[in-house]
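Visitor: For reference, the structure I am asking about is given below.
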Amino acid sequence: ARRAAFCLVAAPQWEDIVRSWGGEAEVVHEAPGPGKVVAPRRRGRLRILFVGRFAPDEPVELVLAAAGQVPSCDVTVTGDLDRCPADLRAGAPANVRFVGFLDAPDYQAAVLDADVVVCLTTEPGSVMRAAYEAVYARRPLIISGWPMARELFPYALHVEHQTAALCEAFRAADAGYEDFAALTRAARDLQMARFDDQRRALVRRLSALLSPS
């Protein structure tokens, strides 16, 4: 880190750590991608997309438990099925569908097809790419209630990692979908402005490095 011109980090606390080592850092998050931006529109049963990889920090069991208690919604789960415990998949409720690891076009289509995107992590300092992608695509978001997630995604529904809390979020999204969906424009505008600030900071850093001394 000390030998690098600067490091890209996900959160201010990592900036502080890098600087304590004698390095330089800039916070940079997910850039807008090539995916389409389509205003959310409900079409029947609430379609929930849980984005994951079956990584250790993803509470998949919590999502399946909540899906079982809210049978009025349909939940799609992404991720490499070779990493999914067999008993977890076998015991999933009838309204849960596992689609495996999706390539970029299929993943973008899955986000656009969803009414709500769910991103959960047990890591307080994690800034999830899927959460950024959901906001860029104007999809309502349910996310873990860590302080940094609340700061970065103020228009999302924030949940504690408890079955009852996630069930309540599913039901709230179902009952108040129009109001929830109406917030997605402001959420995207805020995120675009944040990334533009980060991009300008990167340009300043790179310009200083590349300009003649």
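The values are calculated or read from the model by the stated rules, or taken from the named source; none is laboratory data. Note that the structure is a prediction, hence the values are computed from the model and not measured. Heads up, the Cβs are rebuilt from the backbone with ideal geometry, glycines too, and the neighbour counts pull from every protein chain shown. The area values use the complete protein model at the heavy-atom level, side chains included, leaving out ligands, DNA and RNA. Shrake-Rupley method; radii C 1.70, N 1.55, O 1.52, S 1.80 Å.
Visitor: Consider segment 65-115. How many of its residues are on the phi < 0 side of the Ramachandran plot and either assigned to a strand (DSSP E or B) or among the β-branched types (Val, Ile, Thr) (or both)?
Guide: Within segment 65-115, the first condition is being on the phi < 0 side of the Ramachandran plot, and the residues that meet it are 65-78, 80-99, 101-115.
The next check asks that each one be either assigned to a strand (DSSP E or B) or among the β-branched types (Val, Ile, Thr) (or both); those that pass are 70, 73-78, 96-99, 111.
Of the residues in segment 65-115, 12 are on the phi < 0 side of the Ramachandran plot and either assigned to a strand (DSSP E or B) or among the β-branched types (Val, Ile, Thr) (or both).
Visitor: If you scan segment 25-59, which residues turn out to be in contact with a strand residue (DSSP E or B) (Cβ under 7 Å, 6 or more places away or on another chain) and either among the β-branched types (Val, Ile, Thr) or open to solvent by 30 Å² or more (accessible area, probe 1.4 Å) (or both)?
Guide: Looking only at segment 25-59, we keep the residues that are in contact with a strand residue (DSSP E or B) (Cβ under 7 Å, 6 or more places away or on another chain), and these are 25-28, 45-52.
Passing the criteria: Glu26, Val27, Val28, Arg45, Arg47, Ile48, Val51.
Visitor: Right, here's the next one. Counting just the residues of segment 164-178 that are surrounded by fewer than 17 Cβ atoms within 10 Å (Cβ to Cβ) and in contact (Cβ under 8 Å) with a residue 60 or more places away in the chain, which one comes out farthest from Ala67 (Cα to Cα)?
Guide: Glu178
Visitor: Regarding segment 134-156, can at least one residue be identified that is touching a Pro at 6+ places or on another chain (Cβ under 6 Å), open to solvent by less than 30 Å² (accessible area, probe 1.4 Å), part of a helix (DSSP H, G or I) and of a type outside the set (D, E, K, R)?
Guide: Within segment 134-156 (the criterion being touching a Pro at 6+ places or on another chain (Cβ under 6 Å), open to solvent by less than 30 Å² (accessible area, probe 1.4 Å), part of a helix (DSSP H, G or I) and of a type outside the set (D, E, K, R)), the answer is yes, since at least one residue qualifies.
Visitor: Here's another thing I want to ask about it. Restricting to segment 167-191, name every residue that is within 19 Å of Arg150 (Cβ to Cβ), in a helix (DSSP H, G or I) and either of a type in the set (A, V, I, L, M) or at pLDDT below 95 (or both).
Guide: Hits for segment 167-191 are Ala169, Ala172, Ala173, Ala186, Ala187, Leu190.
Visitor: Search segment 116-136 for residues that are touching a residue at least 12 places away in the same chain (Cβ under 8 Å) and pair each with any residue that is in a helix (DSSP H, G or I) and of a type in the set (A, V, I, L, M) when their beta-carbon atoms are under 6 Å apart and the residues are at least 6 apart or on different chains.
Guide: The qualifying pairs are Val116/Ala173; Val117/Ala134; Cys119/Ala130; Cys119/Ala131; Val135/Ala187.
Visitor: Before we move on, is Leu183 hydrophobic (A, V, I, L, M, F, W, C) and either crowded, with 23+ Cβ neighbours inside 10 Å or over 19 Å from Arg53 (Cβ atoms) (or both)? So that I can check it myself, show each step before the final result.
Guide: Values: hydrophobic (A, V, I, L, M, F, W, C): yes; either crowded, with 23+ Cβ neighbours inside 10 Å or over 19 Å from Arg53 (Cβ atoms) (or both): yes.
Considered against the rule, which asks whether it is hydrophobic (A, V, I, L, M, F, W, C) and either crowded, with 23+ Cβ neighbours inside 10 Å or over 19 Å from Arg53 (Cβ atoms) (or both), Leu183 comes out as yes.
Visitor: Here's a follow-up. Across segment 73-110, what is the number of residues that are over 16 Å from Val60 (Cα atoms) and open to solvent by 10 Å² or more (accessible area, probe 1.4 Å)? Spell out how you get there, then give the answer.
Guide: Of the residues in segment 73-110, the ones over 16 Å from Val60 (Cα atoms) are 73, 102-110.
Subset that is open to solvent by 10 Å² or more (accessible area, probe 1.4 Å): 102-110.
Of the residues in segment 73-110, 9 are over 16 Å from Val60 (Cα atoms) and open to solvent by 10 Å² or more (accessible area, probe 1.4 Å).
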